[in-house]
Amino acid sequence: MKRLFTTWLLVLCATLLWAQPRAFQGGNGKWGFRDKNGNWAIQPKYDDVDKLYAFTNNRNHAVVKVGNLWGCINEQGQFITQPVMRTNKMASDAGLAIQKKSTTEGLYDGFDLQKRLWGFTNPSGQFLIPPTFDEIDNATSFRTGKNYAVVKKSGFWGAIDSKGFMIVKPYMLNKEDARKAAAEAEQFAEPGRNIYTAYDPELKKFGFANYKGNWVITPRFTSVDMGYTFTDNRPFAVVKYNNGWGSVNAKGVFVVKPTYQKAEQARSAAYKVPGINKNFPASELANNDDNKHKNSLKKGATIRITDGGSSNTGAGVKAPTIAILSPKDGEGYTQPNVNITYEAKTFDGSTPKILAYVNGELISTKGVQRTGKQITVTLPRSSQGVSRIQLIAKDGKGQNSDPASIALRYVGSESKPQLHLLAVGVSDYNQADLKLQNAAKDAQDFVNTIKGLNLKQYDRLATTTLITNAQATDRNIKSNLSQLVNKVNQGDVIMLFFSGHGAKEGDDTYFLSVNTDSNDLFSTAVNFDDIKRATRRLKDKKCRILVFMDACHSGALYGQKSIAENYALSEPGIIGFYSSTESQKSNESEKWENGIFTKALLEGLKGKAADESGAITLDNLERYIRDTVRKATNGTQMPIFENKQGNFVLFNIK
């Protein structure tokens, strides 16, 4: 009977696989698609086909290549995404957006074959930002999760935002400088902190610019010694003016007159000038806007009206203004909650909306308190640095003011963070075919291990919440997450541990609670969005959040290859330890008594990941888990990690 069932299942699978057209290469060397009878449903005319993204049960389209560019076709062979995209993955994302009817979702790198230039399209491949660029930086574009794209225009590099405005004018000599400048623009940094060598192609002269592309020193030099430009340790640059070499300081004053025939001579002369190493504050440097590159390149957008280099997007109305009245720049603070008093004006009759940034990060509305013309922000309690606060006023037309900024120093006493644990493990699912061996034990062992460690890094273990089996309902898990958010203090360390099944339903990813009905995940499981909302609230409190997730197991049964992959890379403030990559399952076995990922984690915490001084750092723990899991599974399982917070000590066993 079992053999008969297996045969029937194979026949059923084969039938389902042939329900959609399949890719085949024709005699002409081109690719097309045959139907289940072997006839050409779509004639072979494509240079390549991405077989991973071609007419599956979840996709009503195929990703195909024409020349060197990619697009998407439907089952009638009609392009739903024009073949203008750089990569198959980008075309795949566009095709899915169209399938979800999100036809305005995102901006995609597109290439115009006639103009031989790059631009940015919607998912259909229609250009929203026309093709005017020589090149788009692969590593820094809208599809890499940035709010801007680094582009090359007329031979020089700059950056553009999603509204089509050049946030970094295309004067930079290389993409690395443009990337750095764009990152400054995103953080509303003070112009002039970094000085970039720049070139005006109209004037055909070199100058020096801030991150906006505004001129710190206007372009008037015929050449620049690229080995001797402005850096943190060199407050002068060697330049050629007319026919002679000399040196200028950051204010554009010649400290070595341009009378030398060789750059090397000007270098040597510069080091003999008294006070040559004097640095000027950024506030004293020029910020000259040449009024070029003001118009948005995006269709239907308006001209940018600027006032002293502001980032405005309206037309005809003066941009808003904002000033911070107190505290004063450079003052100290002793408590984490600091009141900022400001004065803001708009010129369109609207009430200004205030955006607050702390150390370059936008603070969500739940992370600040507002009373009249005062805003309260939470700052780090650390004597090892300063906190930079920036406020921006936005009017009813969407125009932004120039940022008002101050830097404050923490002068209070140092305090250790409290440690909070929440561990969830589900083995004994109500649905019989979901049951696991070790998941509940994983969570229990995780809590016991932490309790047994030397906790001298922390003030105390303030919260220990263990939820296993019958208690691990979707409602109870979400309720305990919410309670944890309300308990923590600013700067605390939070460890979240999950062990169980993961699954997908539509576009949503779930952690399967004990009461999960696999036919109704929406109503019975924990949506990852609920977990992400909790971690965002913890981020607002400046907490360090670590997520440990041994949560794949046999979750592939429901089409979910990896619960970790859907969580990772989506919350940049989270430190993540995830059990497996996208195409792998997490392993558990009786011989290990835990999932292999959890086993490695616990061993590492107990001391096997410690260095010679006894410190268990994030990097050492990551390395131990990765090597142990890879060895134990003969390379079939590879954990993934996410850490953009830097390396620090979690525990010390000595």
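Descriptive notes on the structure:
- Burial ranking of peptide ranges 234-240, 201-207 (average Cβ count within 10 Å, highest at the top): 234-240, 201-207
- When you count the other C-beta atoms within 10 angstrom of each residue and take the mean per peptide, 179-186, 620-627, 410-417, 635-642 line up highest first as 179-186, 620-627, 635-642, 410-417.
- Once both labels are positioned 7 Å from their Cα atoms along Cα-to-Cβ, the gap between LYS205 and ASN147 label points is 3.5 nm.
- The Rg/Rh ratio of the chain, with Rg taken over Cα atoms and Rh as the Kirkwood radius over Cα pairs, comes to 1.01.
- Kirkwood-Stokes translational diffusion coefficient of region 131-220, alpha-carbon pairs, 20 °C, 1.002 mPa s, µm²/s: 169
- Shape class for region 415-506: prolate, because the ratio a/c of the largest to smallest gyration tensor axis (alpha-carbon atoms, square roots of eigenvalues) is 1.5 or more and a/b beats b/c.
- Heavy-atom surface analysis with a 1.4 Å probe gives the chain a carbon and sulfur content of 47 percent of its accessible area.
- For LYS599, a cut-off of 18 angstrom between C-alpha atoms picks up these lysines, skipping any fewer than 8 places away in its own chain: LYS441, LYS451, LYS585, LYS591, LYS608, LYS631.
- Considering only GLN418, ASN57, VAL248, the residue lying farthest towards the positive end of the dipole of the chain is VAL248, judged by Cα position with unit charges set on Cβ.
- Where the chain is the region considered: accessible area per residue in Å², 1.4 Å probe: 47
- Estimated dipole of the chain in Debye, rounded to 20 [Cβ of Lys and Arg +1, of Asp and Glu -1, Cα centre]: 1060
- Antiparallel bridges, percent of DSSP beta bridges restricted to region 413-521 (to nearest 5): 20
- Cα-based equivalent ellipsoid, region 71-192: semi-axes from gyration tensor eigenvalues, Å: 28, 15, 10
- Listed cross-link partners LYS373/LYS542; LYS478/LYS541; LYS100/LYS180 are compared with a 28 Å cut-off, the Cα-Cα value being larger for LYS100/LYS180.
- Prolate/oblate/rounded call for region 384-429, Cα gyration tensor, a/c under 1.5 rounded: oblate
- Scoring 47-55, 395-403, 90-98 by mean Cβ neighbours within 10 Å over their residues and listing the highest first yields 90-98, 395-403, 47-55.
- Each residue of region 396-412 is assigned a 3J(HN,Hα), and the resulting list reads x, 8, x, 6, 9, 7, 5, x, 9, 9, 9, 10, 10, 10, 7, 10, x Hz, derived from the Karplus form 6.51 cos²θ - 1.76 cosθ + 1.60 (θ = phi - 60°), x at Gly and Pro.
The values are calculated or read from the model by the stated rules, or taken from the named source; none is laboratory data. Remember, it's a predicted structure, so these values are computed and weren't measured experimentally. Counting neighbours? That spans all protein chains shown, and the Cβs are built from the backbone with ideal geometry, glycine included. Each accessible area value is taken on the protein alone, full model and side chains, heavy atoms only, with ligands, DNA and RNA left out. Shrake-Rupley method; radii C 1.70, N 1.55, O 1.52, S 1.80 Å.
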